[in-house]
Amino acid sequence: MSSRVVVVPDARALARRAAERIVEVTRAAVTARGECSVALAGGTTPRAAYEVLATSSLAAALPWAASRWFFGDERAVPPDHPESNYRAVRETLLASRPEALERTHRMPADAADLELAARAYGELLPDPLDLLLLGIGEDGHTASLFPGSPVLAERTARVVVVSGPKPPNLRLTVTPPVIEAARELLVLASGAGKAAALALALEGPVDVSASPAQLARRGTWIVDAAAAAQLARP
């Protein structure tokens, strides 16, 4: 599994380069297949990229009308909750694009029956996704796939219910087969706190139970200098 690692100076440069990469991948997908499916990530680093994408000149280059937006994971909160990934996307990437909001498929992690919601979203999710955007936690998790989770061995279900280590604990997340099948993976990492996890994900021995982010090792990783500090081959 070879990865492409792009190291940029700081978080601001990371947001810009990530936004550029999203435009590149979505345009290529639309050219090749007439439409594009993107699963988005939560967190502060992706949020900064969404803000750049929505407010810079890059917005005009994105094929909005041919793109459908999904999510890689979501906390079990209402869509207006401060911890909602959907809310973060609605307030940034889609803030001035109600037409794109109509093509956005929220992960219903606040549903009364989470198991049913997970199955339904797994059926809705394109197979494969054209682009899956991911982050990496200081513990090496990606999406809501945490170290030691039995879900890392899942081979059938595409979306499942999990419990994370921090509240709100219950979440929905995509599973390893979705990551493995995605046409393009884009992983973002910023800050010195991610350096050890990043080095293990990209250069450590393969052990997805210890480092779930290794599932995305083949992807494009855009990281800032602080996060890349422990890489042997930046």
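Largest first and in whole Å, give the semi-axes of segment 100-210's equivalent ellipsoid, each being the square root of 5 times a Cα gyration tensor eigenvalue. Don't skip to the end; give the middle numbers.
Details: eigenvalues 113, 53, 42 Å².
So the three semi-axes of segment 100-210 are 24, 16, 14 Å.
Counting only heavy atoms of protein chains, what accessible area per residue, in Å², does segment 103-183 have with a probe of 1.4 Å?
The answer is 43 Å² per residue.
List the relative contact order of segment 2-141 as a percent without decimals, with contacts defined as Cα pairs under 8 Å and 6+ residues apart. Working shown, then result.
Numbers: 180 pairs, mean separation 40.1, N = 140.
This gives 29 percent for segment 2-141.
What number, in percent, do you get for the relative contact order of segment 1-83 if the mean sequence gap of Cα pairs under 8 Å and at least 6 apart is divided by its residue count? Could you put the intermediate results ahead of the total?
Values: 71 pairs, mean separation 29.2, N = 83.
Normalised by residue count, the contact order of segment 1-83 is 35 percent.
Of the heavy-atom accessible surface of the chain (probe 1.4 angstrom), what whole percent is carbon and sulfur? Before the final figure, lay out the partial values.
On the way: 5190 of 9840 Å².
Percent of accessible area from carbon and sulfur atoms in the chain: 53.
Which whole-number percent of Cα pairs in segment 140-196 have a distance greater than 16 Å?
Details: 774 of 1596 pairs.
The share of Cα pairs beyond 16 Å in segment 140-196 comes to 48 percent.
Evaluated at 10 °C with a viscosity of 1.306 mPa s, what Stokes-Einstein diffusion coefficient in µm²/s does segment 52-162 have when Rh comes from the Kirkwood expression over alpha-carbon pairs?
Values: Rh = 15.4 Å.
It diffuses with D of about 103 µm²/s by this estimate.
Could you work out the helix-only [θ] at 222 nm for the chain, with each DSSP H run of four or more residues adding -39,500 (n - 2.57) and the total divided by the number of residues, to the nearest 500 deg cm²/dmol? Let's see the in-between values first.
On the way: 7 runs with 72 residues, N = 234.
Calculated from helices alone, the mean residue ellipticity at 222 nm is -9000 deg cm²/dmol.
Sort the following peptides by mean Cβ neighbour count (other Cβ atoms within 10 Å, averaged over residues), highest first: 90-97, 66-73. If you can, show how the numbers build up before the last one.
Values: 90-97: 17.4, 66-73: 22.1.
So the order, starting with the most tightly packed, is 66-73, 90-97.
How about segment 137-197: which trypsin sites (Lys or Arg not before Pro) there are in a DSSP loop, with at most 12 other Cβ atoms within 10 Å of their Cβ? Could the numbers behind the result be given before it?
Values: sites: Arg155, Arg158, Arg171, Arg183, Lys194; in loops: Arg155, Arg158, Arg183.
Taking segment 137-197 and a limit of 12 other Cβ atoms within 10 Å, the loop trypsin sites (Lys or Arg not before Pro) found are Arg155.
The values are calculated or read from the model by the stated rules, or taken from the named source; none is laboratory data. As the structure is a computational prediction, the values presented were derived from the model and not from experiment. Heads up, the Cβs are rebuilt from the backbone with ideal geometry, glycines too, and the neighbour counts pull from every protein chain shown. SASA here: full protein model, heavy atoms, side chains in, ligands and nucleic acids out. Shrake-Rupley method; radii C 1.70, N 1.55, O 1.52, S 1.80 Å.
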